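Worksheet: one structure, shown below.
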Amino acid sequence: MTKVVKKAEKSWKPMTANCCSVEDSIILGINFRNKSHTSDLMSKNIAPLPSFRRLAYSGHLSNLSSCSSQRINEDLAQSFGPDLIDFQLSELKAITQNFSRSFLLGEGGFGKVHKGYVDDNFKSGLKAQAVAVKHLDIEGLQGHKEWLSEVIFLGQLKHQNLVRLIGYCCEEEERLLVYEFMPRGSLENHLFKRLSSSLPWGSRLKIAIGAAKGLAFLHGAETPIIYRDFKTSNILLDSDFTAKLSDFGLAKMGPEGSNTHVTTRVMGTYGYAAPEYVSTGHLTTKSDVYSFGVVLLELLTGRRSMEKSRPKGEQHLVDWTRPYLSSSRKLRYIMDPRLGGQYSVKGTKEIAQLALRCMSLNPKDRPKMPLVVQALEGLQTYKDMAIASGLWPPPNSKKSRVNGVSIKGRSYYKPSPITPSRKT
């Protein structure tokens, strides 16, 4: 595991314009400093935790044209200095061959993401590397707010399990972001889109640990940051399958002082959102913990959190898996068949139990993310491996479907040779 290097931060210069607000206020002014924790885990594995202060802004984005791109760029340059690069649109067109389809990496609610290449002579202080360029498909004003939120959060937050923001582009109504390129793509692609061979058990565990560390870092701030959109498509993987959280457009500052929650519009992705957040709009760090539990289920089963094409009782992953998670004998019925039975039986049992705790209907019963990291890291020493394919029908069933496979009879056992897992 790469050791996190602590770096001294220069003093913060806040923005002064009144046109750059995210919801009711902008979150600015991050001063990195050590914060004492009783947990050895936090001091050993999590980077120095940031403390935040709010700088409230008057004015709203009622009219994007009322705030010039030049003024926004001046404010961002004053705040971030050389830490973020202010790209010109023409430069980003050049490195992506005018946003060619052959360079397209993906497309989501924000817009399209293209791969680009920069050399040593492209920009002062920027080394030769591949980058990912996210181009906002701006519709109305929310897109600009999400773009600005990403610049503000990722421009200041530095951690090995958060994707690194290199720079931004703001020209008239064009909004773009430039990130480090993540060669393995998203966890979603590996689990569900069948673009590559199945992720081995060791890689899945490593990814879960990395993503958990990213959330623990966010939640560990003096004023916690709630990610609000934790899901497989927002977990990106580098060349050695280190997980990094991306897309901070919906991130939100957590409650301060005696407040227990933040009340906000319900935003995120159905299937991952905590039930109390959906019903009340009350947002806490425990909302992220619930979403993490859902992703653990996806890693175990190889199924999406929500699939309308499944039989009625199997469409919602949480509801379908819950009866199987408390028993190792039942758990094998829902394990991802693409694992070929090559997984730690003890490890999957403990992850299933952890997922249940993360998805508790009572948010207070959900564990904090540093404890989740600790629990997952403890599973790395397990060496036991199942020897069957993982396909069994549920008990007392003459015919059933397990992970989409129709199985007849009382049992289905297919030996699978154990081969060395991919080194992670």
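The values are calculated or read from the model by the stated rules, or taken from the named source; none is laboratory data. Remember, predicted model here, so these are calculated numbers, not experimental data. Reconstructed Cβ throughout: ideal geometry from the backbone, glycine too, with neighbour counts over all protein chains shown.
Just a few scattered comments:
- Test result for Tyr277, assigned to a helix (DSSP H, G or I), crowded, with 23+ Cβ neighbours inside 10 Å and modelled with pLDDT under 95: yes
- Among the residues listed as Ala355, Ala386, the single one being crowded, with 17+ Cβ neighbours inside 10 Å, of a type outside the set (Lys, Arg), assigned by TED's automatic domain parsing to the domain that holds Ile225 and within 27 Å of Thr284 (Cα to Cα): Ala355
- From the list Ser406, Ser389, the lone residue that is modelled with pLDDT under 90, small (Gly, Ala, Ser) and under 30 Å from Ser239 (Cβ atoms) is Ser389.
- In this entry, Val178 is excluded by the filter for residues that are of a type in the set (Val, Ile, Thr) and within 16 Å of the chain's Cα centre (by Cα).
- Output for the range 90-123, where each listed residue is surrounded by 15 or more Cβ atoms within 10 Å (Cβ to Cβ), of a type in the set (A, V, I, L, M, F, W, C) and at pLDDT 80 or above: Leu92, Ile95, Phe99, Phe103, Leu105, Val113, Val118, Phe122
- Just so you know, in the range 229-257 the residues that are in a strand (DSSP E or B) and modelled with pLDDT under 95 include one that is nearest to Lys112 (Cα to Cα), and it is Lys252.
- Considering residues of the range 103-128 that are of a type in the set (Phe, Trp, Tyr) and in a loop (DSSP other than H, G, I, E, B) only, the residue nearest to Phe248 (Cα to Cα): Phe110
- A single entry from Ile225, Ile152, Ile207, Ile166 fulfils the requirement of being in the same structural domain as Ala273 (by TED's automatic domain parsing), crowded, with 19+ Cβ neighbours inside 10 Å and either farther than 30 Å from Tyr343 by Cα or touching an Asp or Glu at 6+ places or on another chain (Cβ under 7 Å) (or both): Ile225.
- Condition check for Tyr343: at pLDDT 85 or above and assigned to a loop (DSSP other than H, G, I, E, B): yes
- Of all residues making up the range 129-150, the number that are in a loop (DSSP other than H, G, I, E, B) and among the acidic types (Asp, Glu): 2
- Among the candidates Lys286, Lys312, residue that is among the basic types (Lys, Arg) and buried (at least 23 other Cβ atoms within 10 Å of the Cβ): Lys286
- The lone exception for Ser360 - which of (1) at pLDDT below 90; (2) under 29 Å from Leu215 (Cα atoms); (3) among the hydroxyl-bearing types (Ser, Thr, Tyr) it fails: (1)
- From the list Gly281, Gly254, Gly302, Gly249, the lone residue that is under 20 Å from the mean Cα position of the chain (by Cα), of a type outside the set (A, V, I, L, M, F, W, C) and at positive phi is Gly302.
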